[in-house]
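Asks: Dropping the structure in here first, questions after.
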Amino acid sequence: MSDLNFAASPINQSLTIERKIELYTQMVRIRRFEQVALANYQKPGRMGGFLHLYIGQESVAVGTLSLAGEHDHNITAYRCHAHALASGMSMNECMAEMFGKQTGCSKGKGGSMHFFAPDKNFWGGHGIVAGQTPLGLGLAYGLKYLGREGCCLTYLGDGAVNQGSFHESLNLAALFEIPVVYIIENNGYSMGTSQKRSSSYTGCLAQRAEGYAIEWDVVDGSDIYEVRAKTHIAMERARKEHKPTILEIDTYRYYGHSVADANFKKYRTPEEIENYKKNHDPIHVFRSRLVAEGVLNDELIESINKSAKEEADASVVFAEESPAPTIADISTDVYWETDNQTEASKIGHHFFA
Amino acid sequence: MRTLTYREALREAMDEELARDENVVIMGEEVAQYNGAYKVTEGLWAKWGDKRIVDTPISEAGFIGMGIGASMLGVRPVMELMFWSFHSVAFDQLVNNAACVRYMSGGLCSCPIVVRGPANGGTNVGATHSHIPEGMFAAFPGLKVCAPATPADAKGLLKAAIRDNDPVYFMENTLLYGNVGEVPDPADGDFVIPLGKADIKREGKDISIIAHGRSVIHALAAAETLQAEHGISAEVLDLRSIRPLDVDAILATVAKTHRVLLVDESKPFGGVSAMVSHLIQEHAFDELDGPIKRVCTIDAPAIYSPHIENEQLPNPKRIVEKVLTMV
């Protein structure tokens, strides 16, 4: 359990009772959504591909994105469901995307790893480990270029820290003074390989920032108050000073790297998983906090849980009843110019048989 | 008409687009204070300053990815690769993020970037610096590719590329930068050449030589020799744009001459000429009086030796010899 002082930080003191309930509700919604997604993934013929679950990490997306204002953007890797929902996307469009339906956020063209909502400042959903880290840098570059006071929260896993594109991004972020906040969601495992077996480091992964003269901090992800308190400092540094930060948020995933990860109980002990569930689960920790604060009671907890489950179940019905893409849909959304039938799109052949 | 070098024409295109749209940014290694490794961007930093002309570290995956991200928000980066050969260190950004982000987002994102720089052999710099990837990138739906041969085309196509709302990969040639050609005066109006429009660089009736980039210059030289020494009238069609591709112009020249030689600085396996050959056999089979032939770069990594590299590449002599086996 982390220091209670984080609850006393001004950014958390400013939380109203309603807002606290909202944060808790968002975490519960994300978990119920993914549990329902998992149940449907396991039924034949409903979803294809991979399913990378976020369960156990909810405080990270909810805590950090609760601080995002009009000009704050975010982008993440393939474990993207939580960031999508926390950015304000609906369960319906997300579930339908996983079902590969036309009504999905990406019209069934992206799948579980590629949710997008630029209108909500959420830029995906990216499948290649660390491939999104230069894009987040670019979004932040764009904010600065366009004169908007904001930042880009750019999430990556602990397995992404050894990719070259991330290191190139860090160098550019510091060199060009870009308002980007890199958030390493450290769940301890890059797929099936533990942090100690995959990374060489001094102290912690975020400390690598020192080599690039970038500020860094480590966060206990089980405490949403700590997540918010420390992320707020980083975001203000980005917005006001155009300085990047690396935050390493310690967290844990209950399930495998993806549902297809058959060994997820082999590279970790059952005791390790149980310990996290019992003592560090971010939803349980926050719930206890809010009960102690008198914000939540049993009745409210049950009603939040019930609504989240019902919303998730309804999203399955919506997804099931939605139409699949057509063969003609395969060839749209390839080029802006052809989609918009511009003059340029009418010159020469853009597609080949 | 006034003349410019190919290099000056590219510079003028960028200068005009910088003036037209405040969101256009030139980025790349040595493009600003050094004035460009090949002096294409010379003077632009002095005129436009740090915000618009940005020197980047040698960090292609980083700065190209950064440009892609910025473009999603409305910035329009024009990024120089000192050599297109360096695409390999930024490949994930170039083909996964730039080419696919629109599709994977169901059309919610767009990526209006230009990546430009030289893509050619012939300068004795060895295999790592002599890749010619236009066919490879044209194979990725979502990308556009062009390869101008003349100063006028270089200017007009680069302006179209910068205005295009999709990623355009613009392949230049270090051996063309100094070439001089007529380019319309800006005082006579905005000079833009649309992507997807081929150009007949020389009319002929006996055989069609279809090429792009520097191979067009070789084809024109070969056509002179063929006419003067062998009485063969060769038509030279410059594709200019690889994707979108002017299929109609290709089929029209085939229907006119009934014989086709494709000249392509790529290697023979796959590539632009392989695709053009396929299109001709599928859509103009009955027009052909003989098999389609090709002059490509000899199928090996680019040789260094200044004594022999020119023979590995398409050149007027190899084109003339090949045509003489066909007509």
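Asks: What does the helix-only formula give at 222 nm for chain A: each DSSP H stretch with n ≥ 4 adding -39500 (n - 2.57), the total divided by the residues, and the result rounded to the nearest 500 deg cm²/dmol? Show your work: numbers first, answer last.
Replies: Numbers: 13 runs with 147 residues, N = 353.
The helix contribution divided over chain A gives -12500 deg cm²/dmol.
Asks: Looking only at other chains, what is the average number of their beta-carbon atoms within 10 angstrom of each beta-carbon in B:241-248?
Replies: 4
Asks: Go through the stretch A:232-329 and name the GluC sites (Glu not before Pro) that are in a DSSP coil and have 11 or fewer other Cβ atoms within 10 Å of their Cβ.
Replies: Those that pass, being in a loop and sparsely packed, are A:Glu293.
Asks: Rounded to the nearest 5, what % of DSSP beta bridges with both residues in the stretch B:199-324 are antiparallel?
Replies: Around 20 percent antiparallel, to the nearest 5.
Asks: Which one of B:Pro194, B:Pro306, B:Pro133 has the biggest mean-square fluctuation once chain B is modelled by GNM with Cα springs under 10 Å?
Replies: Looking only at B:Pro194, B:Pro306, B:Pro133, the biggest GNM fluctuation is shown by B:Pro306.
Asks: Antiparallel versus total DSSP beta bridges in the stretch A:4-322: what percent is that, nearest 5? List each step's numbers first, then the result.
Replies: Values: 3 of 25 bridges.
Given both bridge residues lie in the stretch A:4-322, the antiparallel proportion sits at roughly 10 percent.
Asks: Additional query: I want to verify the translational diffusion coefficient of the stretch A:4-322 in µm²/s; compute it with Stokes-Einstein, Rh as the Kirkwood radius over Cα pairs, at 4 °C and 1.567 mPa s.
Replies: Estimated diffusion coefficient is 66 µm²/s.
Asks: Okay, next question. Within a 10 angstrom radius of each residue's Cβ in A:162-171, how many Cβ atoms of other chains show up on average? Whole number is fine.
Replies: Across the residues of A:162-171, the mean count of other-chain Cβ atoms within 10 Å is 5.
Asks: If you put +1 on each Lys and Arg Cβ and -1 on each Asp and Glu Cβ, how big is the dipole of chain A around its Cα centre, in Debye rounded to 20?
Replies: Using only the charged Cβ atoms, the result is roughly 560 debye.
Asks: Give the separation of the Cα centroids, the stretch A:1-49 to the stretch A:276-345, in Å.
Replies: 11
Asks: Hey, got the Cα dimensions of the stretch B:28-159 along the principal axes, in Å, largest first?
Replies: Dimensions of the stretch B:28-159 along the principal axes of its Cα atoms: 40, 35, 30 Å.
Asks: Related question: Beyond 16 Å, what percent of the Cα pairs of the stretch A:1-74 remain?
Replies: For the stretch A:1-74, the share of Cα pairs beyond 16 Å comes to 63 percent.
Asks: Which of A:Leu38, A:Ala160, A:Tyr54 sits farthest toward the positive end of the charge dipole of the stretch A:30-182, with +1 on the Cβ of Lys and Arg and -1 on the Cβ of Asp and Glu?
Replies: Of the listed residues, the answer is A:Leu38.
Asks: What number, rounded to the nearest 500 deg cm²/dmol, is the helix-based mean residue ellipticity at 222 nm of chain B, given -39500 (n - 2.57) per DSSP H run of at least four residues and division by all its residues?
Replies: Calculated at 222 nm, the ellipticity per residue is -10000 deg cm²/dmol.
Asks: Would you work out which of B:Pro77, B:Ile210, B:Ala13 lies farthest towards the positive end of the dipole of chain B? Charges go on Cβ: Lys and Arg +1, Asp and Glu -1.
Replies: B:Pro77
Asks: Along the charge dipole of the stretch A:4-322, pointing to its positive end and built from +1/-1 on Cβ of Lys, Arg, Asp and Glu, which listed residue (A:Val28, A:His81, A:Gly150) has its Cα farthest out?
Replies: A:His81
Asks: With both partners inside chain B, how many of the DSSP beta bridges are antiparallel, as a percent to the nearest 5?
Replies: Of all bridge pairs located within chain B, approximately 20 percent are antiparallel.
Asks: Roughly how big is chain B's charge dipole about its Cα centre, with Cβ charges of +1 (Lys, Arg) and -1 (Asp, Glu), in debye to the nearest 20?
Replies: The dipole magnitude comes to about 200 debye.
Asks: A follow-up question, please. To two decimal places, what compactness ratio does the stretch B:201-284 give when its Cα radius of gyration is scaled by 2.2 N^0.38 Å? Before the final figure, lay out each step's value.
Replies: Numbers: Rg = 12.1 Å, N = 84, 2.2 N^0.38 = 11.8 Å.
That works out to 1.02 for the stretch B:201-284.
Asks: How would the stretch B:221-327 be classified by its alpha-carbon gyration tensor: rounded, prolate or oblate, with rounded meaning a/c under 1.5 and the a/b versus b/c comparison settling the rest?
Replies: Here the stretch B:221-327 falls in the oblate category.
Asks: Let me ask another. Explain nothing, just the number: dipole magnitude of the stretch B:213-324 about its Cα centre with +1 on each Lys and Arg Cβ and -1 on each Asp and Glu Cβ, in debye rounded to the nearest 20.
Replies: Computed about the Cα centre, the dipole is about 200 debye.
Asks: Starting from the alpha-carbon convex hull of the protein assembly as shown, give the projected area averaged over all orientations, in nm².
Replies: It is 32.2 nm².
Asks: Name the most mobile residue of A:Phe264, A:Phe116, A:Phe33, meaning the one with the largest mean-square fluctuation, in a Gaussian network model of chain A with Cα contacts below 10 Å.
Replies: Judging by the Gaussian network model, the answer is A:Phe264.
Asks: Hey, can you rank A:322-334, A:15-27 by average C-beta count inside 10 Å, highest first?
Replies: Descending mean neighbour count gives A:15-27, A:322-334.
Asks: So for B:Arg202, B:Arg240, A:Arg208, B:Arg20, fewest C-beta neighbours within 10 Å to most, what's the order?
Replies: Details: B:Arg202 17, B:Arg240 29, A:Arg208 23, B:Arg20 12.
Going from sparsest to densest Cβ surroundings: B:Arg20, B:Arg202, A:Arg208, B:Arg240.
Asks: Summing +1 for each Lys or Arg and -1 for each Asp or Glu, what net charge is found among the other residues whose Cβ lies under 14 Å from the Cβ of B:Ala9?
Replies: -2
All of the numbers you see were taken from the coordinates with simple rules; none came from a lab. Quantities reported herein were computed from a predicted structural model and do not represent experimental measurements. A quick note on method: Cβ atoms are made from the backbone with ideal geometry, for glycine too, and the neighbour counts reach across all protein chains shown.
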